[in-house]
Amino acid sequence: MTAVGRHLLPDTSEIVDGRLRIGGCDVHSLATAHGTPLFVYDEAHLRARCAEARAAFGDDAVVYATKAFLCTAMARLAHEEGLLLDVATGGELYVALRAGVPAHQCVMHGNNKSTAELRDAMTVGVRHIVVDSFDEMDRIETLVAEGLPAPRVQLRITPGVYVHTHEYVSTGQNDSKFGFNLANGDAQRAIQRAGNSMAMQLVGIHCHIGSNVFDTGNFTKAAEVMVKFSNGLGLAELTLGGGLGVAYLNDEHAPSITEWASALRAATVGLAPGTKVFVEPGRSIVAAAAITLYEVGTVKDIPGVRTYVSVDGGMSDNPRPVLYGSGYEAFVPTRCNDVRTRAVRLVGKHCESGDVLISQAMLPADLRVGDVIATPVTGAYGHSMGSNYNKVPRPAVVFVRDGVARVVVRRETYDDLVRNDVTDSV
């Protein structure tokens with residue numbers, strides 16, 4: 001198999017004498033300096049995708065979905081690039097505020113916001129809350145009765161649009177835990193209640209149809225449904241969510257943010273004049289900006305069966321293959337030009353047979369213990385969904401730019417693993 005496709009690598013990637021450099025930094029040297037597993041993000045790539053989204057949709061219209069990847073540095077970067085931040089929990093709101101993002105630049109999401117989370121969001125004054133249920137309305141009304149200011153709200157609507165993606169990340173169909181159902185009348189009842197409530201300032205409606213969607217026609221269909229519904233309400237705002245897919249494999253190609261914007265623009269041409277349209281990209285901003293580096297610890301050849309290559313990470317730093325059957329490419333960043341002819345199963349170090357990163361990875365024939373392996377397009381939902389399974393410390397995260405690597409999330413230590421443990425006094 002040929003080399004990993006250039007479209008899967010971060011923007012500033014270059015191959016010099018067969019070795020991969022990102023942001024002017026030699027990738028293998030980063031592994032030596034910072035250890036493995038290691039997330040390496042191309043800062044210029046991140047900023048370029050933020051800028052592309054702003055150029056495509058306009059100022060104050062792009063809300064970065066922090067669930068894809070969030071740390072203090074990423075929150076600060078998105079804010080510096082003019083994006084609002086979508087936070088879905090009290091923890092995500094805390095990180096955004098700690099990064100210096102003003103509360104009014106944050107949007108509060110979540111299908112089951114606790115009273116405490118709503119209280120925090122209302123107290124600091126987030127831009128708006130995306131209300132997801134009638135129970136949530138009850139909680140907001142109780143908090144306002146206690147003296148908190150009535151928040152600006154959008155209502156999440158389930159438009160009844162099914163998309164071809166994994167069922168766990170499909171959210172726009174009628175059978176969904178998210179939002180008010182349009183087909184059964186819940187959406188209209190929610191509009192009426194919120195509009196009549198003194199505890200809410202109803203400013204708009206919201207939808208999100210799913211994640212890692214490649215066909216822009218799905219976004220067009222959902223937008224058309226939402227435009228038709230919105231035009232009868234006289235509201236000032238319409239949010240069309242995110243979910244734009246990215247390519248993970250050599251033979252995959254996904255629409256760009258600009259192409260996505262063109263599809264949505266065509267679908268919203270009939271929207272009532274003056275209605276502000278928002279979008280919430282996450283994966284498309286960060287996924288291809290990063291690679292993950294691992295070190296090979298074991299090469300186990302089972303004649304007539306397969307070869308297993310074990311690395312020092314796995315499902316604790318990238319659970320997507322286990323959860324969704326997601327595919328990835330792999331290569332050796334010191335031998336980027338080598339033909340990848342050796343089929344192996346790339347697995348992690350965890351005590352699970354299902355701890356498989358790539359079912360059939362193609363790697364150089366001379367792969368050996370001690371080699372560093374890179375998996376590209378790991379900038380979304382790796383770090384953010386990571387765990388300490390088997391008490392494995394979480395990896396470090398570095399941002400690289402102009403030949404400089406800076407640690408933005410330090411590697412966890414064993415002390416971190418027991419920091420919250422409570423021991424009885426002797």
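The values are calculated or read from the model by the stated rules, or taken from the named source; none is laboratory data. The model shown is predicted, which means the values in this text are computed figures rather than measured ones. With ideal geometry, Cβ positions are generated from the backbone for all residues, glycine too; neighbour counts draw on all protein chains shown.
Scanning region 253-293 for residues that are within 19 Å of V4 (Cβ to Cβ) and either in a loop (DSSP other than H, G, I, E, B) or free of Cβ contacts under 8 Å to residues at least 24 places away in the same chain (or both) turns up H253, A254. Is it true that G35 is more than 30 Å from T275 (Cβ to Cβ), surrounded by 24 or more Cβ atoms within 10 Å (Cβ to Cβ) and not assigned by TED's automatic domain parsing to the domain that holds D138? It is false that G35 is more than 30 Å from T275 (Cβ to Cβ), surrounded by 24 or more Cβ atoms within 10 Å (Cβ to Cβ) and not assigned by TED's automatic domain parsing to the domain that holds D138. Of the strands (runs of 3 or more DSSP E) that lie entirely inside region 10-80, those containing 3 or more residues that are of a type outside the set (D, E, K, R) and within 21 Å of the chain's Cα centre (by Cα) span 38-42, 63-65.
Taking each residue of region 64-92 that is farther than 19 Å from T239 by Cα and looking for partners that are in a strand (DSSP E or B) with beta-carbon atoms closer than 6 Å, six or more apart or interchain, yields C71/V408; C71/V409; A73/V408. Selection of region 207-244 for residues being surrounded by fewer than 24 Cβ atoms within 10 Å (Cβ to Cβ) and aromatic (F, W, Y) yields F214, F229. For region 138-185, a residue qualifies if it is in contact with a Gly (Cβ under 8 Å, 6 or more places away or on another chain), surrounded by fewer than 14 Cβ atoms within 10 Å (Cβ to Cβ) and modelled with pLDDT of 90 or more, and exactly one does: P149. If you go through region 303-332 and keep only what is of a type in the set (S, T, Y) and either free of Cβ contacts under 8 Å to residues at least 12 places away in the same chain or in a loop (DSSP other than H, G, I, E, B) (or both), you end up with S316, S326, Y328.
When N250, N337 are screened for being touching a strand residue (DSSP E or B) at 6+ places or on another chain (Cβ under 9 Å), assigned to a loop (DSSP other than H, G, I, E, B) and within 19 Å of G5 (Cα to Cα), only N337 passes. Name the single residue that is nearest to the chain's Cα centre (by Cα) among those in region 323-382 being of a type in the set (V, I, T) and over 14 Å from T307 (Cα atoms). Per the criteria, the residue is T378. Do we have any residue at all in region 231-241 that's over 19 Å from I209 (Cβ atoms), under 21 Å from the mean Cα position of the chain (by Cα) and hydroxyl-bearing (S, T, Y)? Among the residues of region 231-241, not one is over 19 Å from I209 (Cβ atoms), under 21 Å from the mean Cα position of the chain (by Cα) and hydroxyl-bearing (S, T, Y), which makes the answer no.
From the list G274, G282, the one residue that fits, being in the same structural domain as G241 (by TED's automatic domain parsing) and modelled with pLDDT under 95, is G274.
Only one entry in V101, V95 is without any contact (Cβ under 8 Å) to a residue 60 or more places away in the chain and touching a His at 6+ places or on another chain (Cβ under 8 Å), namely V101. Scanning region 295-310 for residues that are of a type in the set (G, A, S) and surrounded by 12 or more Cβ atoms within 10 Å (Cβ to Cβ) yields G297, S310.
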